[in-house]
Amino acid sequence: MKKLTPKGQEAIQEIAEQYNLSKPAVISMLEAIMNGSHTMAQFNIPELGGSGQWMQGGMIMVGDMFNNGLKTTVNNLCHDLSKLINQKGIFIEVDTSINEHGGNTNTWWPVEWGIPSSSGSQNNMRYAYFSTINRLAVDNRGSITTYNTLDHQISGFSQQQGSNQSVQFTSQFGTVDIRELPLITGNIVQQTESVAPTTTTTAEKITLNPSLSSDNSADTFNKIEQLAKLHEKGIIDEVEFKEKKKELLDRL
C-alpha cells in the first residue's frame with residue numbers, strides 16, 4: 001500500500017477514534033479496500049468480527065452474521081475510507097519520472113492502465129492483472145507482453161517447466177494457456193529457461209489477491225446467508241450451522 005502523508009495519518013487517526021477502533025485495524029481495512037479496486041474489500045480484522053467482506057452497493061458479511069450493528073459499522077467505515085482514498089494529500093506521491101534507461105522507475109506495465117488489481121512474480125517473470133479493464137501484462141526478463149483477458153477473471157498463474165514449457169492462468173473457466181488470450185503488444189510469453197533433460201516436469205503456482213475471485217466470494221457469502229436462514233428456522237442445528245459456515249469461509 002502507498003505510504004500515508006502526515007495528513008493521511010491524521011485522517012486515519014480521526015476515523016479510528018470515530019469508530020472506536022485501533023489505528024492498525026483501520027489501516028488494514030484501508031489496504032483491503034485499495035486491493036479491491038476501491039469498490040470491495042475482503043478482510044480479516046479481529047476488531048471487526050474476523051473474516052468478512054464488503055462490496056459497494058450493500059453486500060456486507062461479517063463473522064458475527066447476526067450482528068447488524070457490526071455490519072453497519074463495517075459499511076460506514078468502508079464508505080468513509082473509500083472517500084478518503086480519493087482525496088488529495090492522503091498518500092505520498094510516487095515519482096513516476098523516466099529513469100536513465102528509458103523505463104519508468106516504479107511501473108513496468110503501461111502507465112495508463114493505472115494500478116493493477118493484483119500482481120505477482122515467479123522465477124524471472126512478473127505479472128500484473130487489471131480486472132476493471134480486462135488487461136494482463138507480463139514481464140519476461142525485461143520483455144513486456146500485454147494481453148486482452150476477455151471475460152476471464154484471473155485468480156492465479158503457473159509456469160509449466162520441462163519439455164512442454166508454457167505459462168498458464170486460472171480463471172472461472174479453469175486452467176487456460178496464456179497463448180489463448182488475444183495479444184495486444186509484444187511476443188507470446190513462453191518460459192525459455194533451459195531445463196536439464198533429467199528434470200521432471202513441475203508446476204509452481206502463484207495465487208493472486210483474493211479480490212480477484214470476487215464472484216466466487218460473493219457466492220460463498222450468499223450460501224452462508226442461506227445457511228443462517230435455515231438455522232433461524234430450526235432446519236439445521238447450531239453445530240451443523242457452525243461446521244458448514246467454517247467450511248465455506250475456509251474456501252476464501
Worksheet item: Along the stretch 110-121, what does the Karplus equation 6.51 cos²θ - 1.76 cosθ + 1.60 (θ = phi - 60°) give for ³J(HN,Hα), rounded to whole Hz, x for Gly and Pro?
Response: x, 4, 5, 6, x, 9, x, 5, 7, 8, x, 8
Worksheet item: In sequence order, what are the phi-derived ³J(HN,Hα) couplings for the stretch 140-149 according to the Karplus relation 6.51 cos²θ - 1.76 cosθ + 1.60 with θ = phi - 60°, rounded to whole Hz, with x for glycine and proline?
Response: 10, 6, x, 9, 8, 10, 10, 9, 8, 8
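Counting only C-alpha contacts under 8 Å and six or more residues apart, can you give the relative contact order of the stretch 20-96 as a whole percent?
Reported relative contact order: 22 percent.
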Worksheet item: For LYS7, which lysines qualify as cross-link partners when the Cα separation must be under 16 Å and same-chain residues fewer than eight apart are set aside?
Response: LYS23, LYS83, LYS88
Worksheet item: So which lysines can LYS244 reach, going by Cα to Cα under 23 Å and dropping same-chain residues fewer than 8 places off?
Response: LYS71, LYS223, LYS229, LYS233
Worksheet item: Using θ = phi - 60° and the Karplus curve 6.51 cos²θ - 1.76 cosθ + 1.60, what whole-Hz ³J(HN,Hα) does each residue of the stretch 17-26 get, with Gly and Pro shown as x?
Response: 5, 4, 9, 6, 10, 6, 4, x, 5, 5
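Assuming R0 = 41 Å, what is the FRET efficiency of LEU183 and LYS223, from their Cβ-Cβ distance, to the nearest 0.05?
FRET efficiency, LEU183 to LYS223: 0.60.
Throughout, read-outs are computed from the coordinates displayed, never taken from laboratory work. Every value quoted in this text rests on a predicted model; they were computed, and no experiment measured them. Every residue, glycine among them, receives a Cβ derived from its backbone with ideal geometry; neighbour counts consider all protein chains shown.
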